[in-house]
1. Would you work out what percent of the accessible area of the chain, with all protein chains in place, is carbon or sulfur (probe 1.4 Å)?
2. Using a 7 Å offset from the Cα along the Cα-to-Cβ direction at both Thr200 and Asp104, what is the distance between the two label points in nm, to one decimal?
3. Running a GNM on the chain with Cα contacts under 10 Å, which residue among Trp262, Trp58, Trp164 ends up with the highest mean-square fluctuation?
4. Rg(Cα) of the chain divided by 2.2 N^0.38 Å?
5. Report, in debye and to the nearest 20, how large the dipole of region 130-276 comes out about its Cα centre when Lys and Arg carry +1 and Asp and Glu carry -1 on their Cβ.
6. Please find the FRET efficiency linking Arg265 to Ser179, where r is the Cβ-Cβ separation and R0 is fixed at 35 Å, and quote it to the nearest 0.05.
7. So with the 1.4 Å probe, I'd like the accessible area per residue for the chain, rounded to whole Å².
8. Cut-off under 26 Å on the C-alpha distance; same-chain residues fewer than 8 positions from Lys266 excluded. Which lysines are left, in chain and number order?
Amino acid sequence: MTIAVSLKVNDGVVLAADSASTLVALDPNGQAAVVNVYKNANKIFNLRKGLPIGVVTWGNGAFGKASIERLVKDFRQELSATLDPKTYALADVAKEFRRFMYEDKFVTAFGASAGGNDSLATGFFLVGYSADGEMAEEYRIDMSPQGCDAPSLVRPLDESGASWSGQPEAISRLLVGFSTRLPETLVQLGMNPADVGPATAALQANLTEPLIAPGMPFQDAIDLATFLVETTVSFVRFGPGADTVGGPVEVAGITKHEGFKWIKRKHYYGSDLNPA
């Protein structure tokens, strides 16, 4: 499992994620059970070295025998050979990323055999700047056995905010003001299902905590994104069940002039032994 965050302010966008990777298998009763939780998965990537384009992932960690990390790096290699750094549009990069990851890899790996297996669902925030962009862009891509829609713009280019996915409960309670389970709870308490949407929208409008200011310094945006991931890690740690969010927190910042910069990052190799 995962917590993946994209947090945008006027000066750029921050990507933050945990490093947990959960291995699930069927128990003797045919029920899905956690076999192991690894703590060193990579979920944030620079999609083109030297350019302000990044992606963070959540959900399924592999398509067949190929990890998401390997596939994203395969796409990076393809993109590096075809992208014109002076004219590219991020929306086109997002479309090509969807084509490569879903049509070429997801469908090939799972095909019709995926059925209704929701554990295969995989998502991405692809963010950064177009070649002539003044403001950062954020695109969301969700793929599952039911299909994969075109990349969707998370918010208008002139707006700021945070988006998150994976295990959203902690951040939802903190920023939105209520649990992700509230809608189903209201129905269980007797509310007409048709009234649930308007009710939760009204609650969100009144309870959302305004922690994100469009003009906040970029370092503060980095600190806030890090805090949201770390809070989720602790929330899951003390909750019942396996620690399916955890491991080192990784953070990257993307700005117009500095490009993609790592803030926190882990390596399985040491730079002293691998200077190149």
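1. On the way: 7440 of 14080 Å².
Ligands and nucleic acids excluded, carbon and sulfur give 53 percent.
2. Spacing of the two 7 Å Cα→Cβ label points: 3.6 nm.
3. Greatest mean-square fluctuation among the candidates belongs to Trp262.
4. Values: Rg = 19.1 Å, N = 276, 2.2 N^0.38 = 18.6 Å.
Taking N as the residue count of the chain, the ratio is 1.03.
5. Values: 10 positive and 19 negative charges, 85 e Å.
Dipole magnitude for region 130-276 comes out near 400 debye.
6. On the way: r = 32 Å, r/R0 = 0.92.
According to the calculation, E is roughly 0.60.
7. Values: 14080 Å² over 276 residues.
Accessible area per residue, the chain: 51 Å².
8. Cross-link targets: Lys8, Lys39, Lys43, Lys49, Lys65, Lys73, Lys256.
The values are calculated or read from the model by the stated rules, or taken from the named source; none is laboratory data. Quick caveat, the model's predicted, so the values are computed rather than measured. All Cβ positions, glycine included, derive from the backbone under ideal geometry; neighbour counts span all protein chains shown. These accessible areas exclude ligands, DNA and RNA; they are computed on the full protein's heavy atoms, side chains included. Shrake-Rupley method; radii C 1.70, N 1.55, O 1.52, S 1.80 Å.
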